[in-house]
1. Say whether the condition of being in contact with a helix residue (DSSP H, G or I) (Cβ under 6 Å, 6 or more places away or on another chain) and either charged (D, E, K, R) or under 18 Å from His78 (Cβ atoms) (or both) is met by at least one residue in the range 182-192.
2. With open to solvent by 10 Å² or more (accessible area, probe 1.4 Å), of a type in the set (Gly, Ala, Ser) and under 21 Å from Asn80 (Cβ atoms) as the only criterion, which of Ser144, Ser130 stands out?
3. Would you point out which residue out of Tyr132, Tyr111, Tyr105 is aromatic (Phe, Trp, Tyr), touching a strand residue (DSSP E or B) at 6+ places or on another chain (Cβ under 8 Å) and closer than 25 Å to Arg170 by Cα?
4. Say we look at the range 147-188 and pick out the residues that are more than 22 Å from the chain's Cα centre (by Cα) and charged (D, E, K, R); which of these is farthest from Tyr93 (Cα to Cα)?
5. Does Asp110 satisfy the criteria of being closer than 30 Å to Ser65 by Cα, surrounded by 15 or more Cβ atoms within 10 Å (Cβ to Cβ) and out of contact with any Leu (no Cβ under 7 Å at 6 or more places or on another chain)?
6. With respect to the numbered conditions (1) touching a Leu at 6+ places or on another chain (Cβ under 6 Å); (2) open to solvent by less than 30 Å² (accessible area, probe 1.4 Å); (3) over 12 Å from Val72 (Cβ atoms); (4) of a type in the set (D, E, K, R), which one is the sole condition not fulfilled by Glu117?
7. If I ask for residues that are hydrophobic (A, V, I, L, M, F, W, C) and open to solvent by 100 Å² or more (accessible area, probe 1.4 Å), which ones from the range 174-198 would you list?
8. Could you say which residue among Asp139, Asp162 is farther than 23 Å from Val102 by Cβ and either open to solvent by 30 Å² or more (accessible area, probe 1.4 Å) or not β-branched (Val, Ile, Thr) (or both)?
Amino acid sequence: MKLKNVFKIVSIALFIVAIAVVSIFGIVNAPDNNPTTDNSAEITDSNPQDNTESTDISNEIKAVSSATITVVGDVLPHTNVYNAAYDSTSKLYNFDPFFEHVTPYLTKADYAVANLEVTLAGTEGGRTYSGYPRFNCPDSIASSLKNAGFDLAMTANNHCYDTNLYGLQRTLRVLSNQGLNTLGTVYDKEADKYLIKNINDI
């Protein structure tokens with residue numbers, strides 16, 4: 001037999017084998033078209049722990065909290081302002097009316113902050129209330145801030161030492177007694193110089 005014919009026979013044989021292999025592979029890997037067989041449940045439920053984990057993550061994302069913080073500028077009652085707050089009948093200073101129109105906005109916030117730019121040194125020891133340039137405001141400004149919805153009084157500013165160390169420290173005491181947080185100045189060097197609050201789990 002000629003060599004040329006041998007090559008032809010071998011080529012045809014290889015071609016037939018190749019077709020057979022492809023056909024067998026196709027049958028083995030063909031999709032199951034039987035509508036009565038459903039393997040999807042098996043695949044989905046193969047690892048139920050993964051599904052629980054996914055649900056936990058989803059719930060965690062939905063549970064994220066939010067908070068609204070309102071911050072306003074200077075609370076700085078000059079002499080004519082605290083004089084206007086004076087009630088000659090009760091002999092007391094009442095600053096509540098000054099905050100009447102902003103109270104609804106402040107109370108809507110989860111946390112409200114004001115910059116208190118006066119000291120509260122009182123009138124003991126011959127001190128008097130005063131305005132510019134060295135402020136000493138009646139204590140009732142603190143209760144009015146609380147009533148208006150403020151939670152924190154910032155006390156670090158260019159007037160915090162208007163009545164010296166006594167006034168700086170007394171201011172912090174008066175604010176604290178009214179339930180207001182303070183930040184900026186501290187009573188002494190041992191005090192924390194930061195404030196951490198939990199607001200709506202934040």
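The values are calculated or read from the model by the stated rules, or taken from the named source; none is laboratory data. The structure presented is a predicted model; accordingly, all values stated were derived computationally and were not measured. We place every Cβ from the backbone using ideal geometry, glycine too, and count neighbours over all the protein chains shown. These area figures cover heavy atoms from the full protein model, side chains too; ligands, DNA and RNA do not enter into them. Shrake-Rupley method; radii C 1.70, N 1.55, O 1.52, S 1.80 Å.
1. no
2. Matching residue, one of Ser144, Ser130: Ser130.
3. Every option except Tyr111 fails the conditions.
4. The selected residue is Asp188.
5. Yes; evaluated as a whole, the condition is true for this residue.
6. Looking at each condition in turn, Glu117 falls short on (3).
7. Result: Ile196, single match.
8. Exactly one residue qualifies, and that residue is Asp162.
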